[in-house]
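Just below is one structure, and these are the notes that go with it.
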Amino acid sequence: MAYEAVWTKDPSKLNKFEFVKLEKDGLDVIRTIIEKYAHEGYDSITEDDMNRFKWAGVYEQKPKDGHFMMRVRINSGIMTSDQARAMAEIAKDYGRNLVDVTTRQAIQFHWLRIENMPDIFNRLEKVGLYSFEACGDCPRTVVGNPLAGIDKDELMDTTDLVNEVNDFFLMNRDFSNLPRKYKMSISSNIYNSGHAEIQCLAFTPATKVIDGQEVVGFHVWVGGGLSAKPHLAQQLDMFVTPGEVLKVATGVTTIYRDYGYREKRHHARLKFLVADWGAEKFKEKLVELIGDMPSRGEEGVIGWKAAYFDGVHPQKQEGLNYIGLSLPVGRLSGDELIELARIADQYGEGKLRTTVSQNIIISGVKDENVDKVLAEKVLERITPNPKHFMSRTVSCTGNEFCNLAVVETKERAVRVAEYLDSKLELDEEIRIHFIGCPNACGQKHIADIGLQGALVKTPEGMVDAFDIAVGGILGPGAQFNQVIKGRVKGDDVGPVLEQLILFYKENRSPEETFNQFVNRVGVSAFQDKLTSVLAVAAS
């Protein structure tokens, strides 16, 4: 290591996995996979190295029978058509033709075998992509504005900044052993497309008059995160120019590395350190490392659109458009991804853009080519004009592949969305997120309606069920949703949500959003409604 691992001075403050990381850096497992395990096979993999596989962007998937999941980093979600095709071919050759878009703009494969990893790594590297550190106790995929460079609602193009920060931290052994996962976002979109409040470190648009000139830059947020104990990030009293983003990111990450908690893995995220220190102390420590910084400027974020971009929209370049496509629960086939890459080449700028809402954008489409794109057969399913509930439904991987999830989520989410679209007409789009375990990869806490999987005992045995929470939102007035008591069996989720949404529809004020309605009537009103619905169902 090029730095002093100060946290090792008191071994009693280290959980057992910290010793595994000290024995062998997580990044070293990449070479071990290529040179050893790919040749000797699944049965040769040690338990410690299996835990280190995360640094290669790889997890053993459920059931533990020799198949793996892999995440690929996509900076700001922006990929070239060649990169998209390379990943589609990997999915077709090794991943049963399955591709998932994650809530961090990454691409995820399933069904991979250890013997195929060297070829997969090589194919990705040839097109400038990496799975390395897409998982693990390290800086993960840098989330950003998927419309960077073409967005009418951005203060500046953040593409180069995201790439700079990504390139600095990727495979950087000074920061490959953090206490836990570490998530960053950089966006200059005025509608908070980087979901700043749930990141460990986030940069959001701001302006400040410096020496008589208005400067476009960023405000800084630290300590956000979800999982079983969610925290909203706190904003530091600091204005950051584009040229100082990397310096600030390096300073924040250094503080986390050196002062973050390592005694208990469930209490090791940066959010816990920030909660204990507070924003003022954290800024003081940061300034010790990087020097004085200007105070906050004018806030650039004016609202939150949850990173949804359905439909055809003009870009800031005259005569060009982007087309936002709704990808049901983030899942598509390799064949569909190849078709989208072809369309991007034929009618667009040769790029596809993934979003944190698990959707895809085709950019650079000339006015005269819009109708030609809309007529493409692949857009019948991956449509720019989705039905209301399907368009706003997000889901984690669920227990189909994930060893932590206790229930299936992807198929369930689709069935529920289809049910609601068949039963309800609503002019307001309600965001519904499904997660299969408390880790909250499906970001349940920020949804209008969030559902967390659980199990309930019935006379027929244990069955899937969900706890329901209402009222989440980010941006100005950010708040996590609140759980209402009453566990709902999986097969009853659709009808129960129908009744809760009807309660909103029939009692809302004109143009009142779901979040505004929850805040006006109170969570207790939803509690009473759910209790009555469940009582009727049980009678």
Query raised in the report: In whole Å, how far is the Cα centre of the range 225-254 from that of the range 275-350?
Result: 16 Å
Query raised in the report: Can you work out the FRET efficiency for the pair E125 and E298, with r the C-beta to C-beta distance and R0 = 41 Å, to the nearest 0.05?
Result: 0.45
Query raised in the report: Are there trypsin sites (Lys or Arg not before Pro) in the range 70-118 that DSSP puts in a loop and that have at most 15 other Cβ atoms within 10 Å, and which ones?
Result: R96, R113
Report task. Express in % the proportion of alpha carbon pairs of the chain at distances exceeding 41 Å. Result -> 20 percent
Query raised in the report: Residue farthest toward the positive end of the dipole of the chain, with Cβ of Lys/Arg at +1 and Asp/Glu at -1: which of V165, V378, W111?
Result: W111
**Report entry** Centre separation in Å (Cα based) which lies between the range 31-69 and the range 133-157
**Finding:** 29 Å
Query - Among 348-359, 21-32, the order from most to least packed when residues are scored by Cβ within 10 Å on average - result: 348-359, 21-32
Query raised in the report: Which shape class applies to the range 201-323: rounded if a/c is under 1.5, otherwise prolate when a/b exceeds b/c and oblate if not, where a ≥ b ≥ c are the square roots of the Cα gyration tensor eigenvalues?
Result: oblate
Report summary line: Sorted by number, the cysteines in the chain with no other cysteine beta-carbon under 4.7 Å are C135, C138, C200, C402, C437
Query raised in the report: Modelled label-to-label distance, L22 and S532, 7 Å Cα→beta-carbon offset: nm?
Result: 6.0 nm
Report task. Pop a pseudo-label 7 angstrom from the Cα along the beta-carbon direction at both D65 and L426 and give the gap in nm to one decimal. Result -> 3.8 nm
**Report entry** Among 460-468, 270-278, 189-197, the order from most to least packed when residues are scored by Cβ within 10 Å on average
**Finding:** 189-197, 270-278, 460-468
**Report entry** the range 335-472 - convex hull of the alpha-carbon atoms, volume per residue in Å³
**Finding:** 148 Å³
Query raised in the report: In whole Å, how far is the Cα centre of the range 463-539 from that of the range 165-192?
Result: 35 Å
**Report entry** Residues of type lysines that K16 reaches as a straight line, Cα spacing below 16 Å, ignoring anything fewer than 8 places off in the same chain
**Finding:** K24, K264
Query raised in the report: From the backbone phi of the range 239-249, what are the Karplus-calculated ³J(HN,Hα) couplings (6.51 cos²θ - 1.76 cosθ + 1.60, θ = phi - 60°) in whole Hz, Gly and Pro given as x?
Result: 10, 10, 6, x, x, 10, 4, 5, 4, 5, 4
Report summary line: The FRET efficiency for D211 and T8, from their Cβ-Cβ distance with R0 = 51 Å and rounded to 0.05, is 0.70
Query raised in the report: If r is the Cβ-Cβ distance from E263 to L374 and R0 is 56 Å, what FRET efficiency results, to the nearest 0.05?
Result: 0.50
Query - Tail beyond 21 Å, pair distance distribution of the range 391-538 (Cα, percent) - result: 40 percent
Query raised in the report: Which value in nm describes the separation of the simple spin-label points at Q346 and N507, placed 7 Å from the Cα toward the beta carbon?
Result: 5.1 nm
Report task. Using Cα pairs closer than 8 Å and at least 6 residues apart in sequence, work out the relative contact order for the range 6-126, in percent. Result -> 25 percent
Report summary line: Checked against a 25 Å limit on the C-alpha separation, the offending pairs among K62/K457; K183/K283; K54/K183; K21/K283; K9/K281 are K21/K283
Report summary line: To the nearest 20 debye, the range 391-538 has a Cα-centred charge dipole, built from +1 on Lys and Arg Cβ and -1 on Asp and Glu Cβ, of 440 debye
**Report entry** Relative contact order of the range 391-538, pairs being alpha-carbon contacts under 8 Å that are 6 or more residues apart, as %
**Finding:** 18 percent
Report summary line: When M171, M50, M238 are ranked with the fewest other C-beta atoms within 10 Å first, the list becomes M171, M50, M238
Query raised in the report: So what is log10(I(q)/I(0)) for the range 6-126 at q = 0.11, 0.12, 0.22, 0.23 1/Å, when the Debye sum runs over its Cα atoms only?
Result: -0.42, -0.49, -1.27, -1.34
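Bear in mind these aren't lab numbers, they're just calculated from the coordinates by the rules spelled out. All values reported here derive from a predicted model rather than from experimental measurement. Cβ: placed from backbone, ideal geometry, glycine included. Neighbour counts: every protein chain shown.
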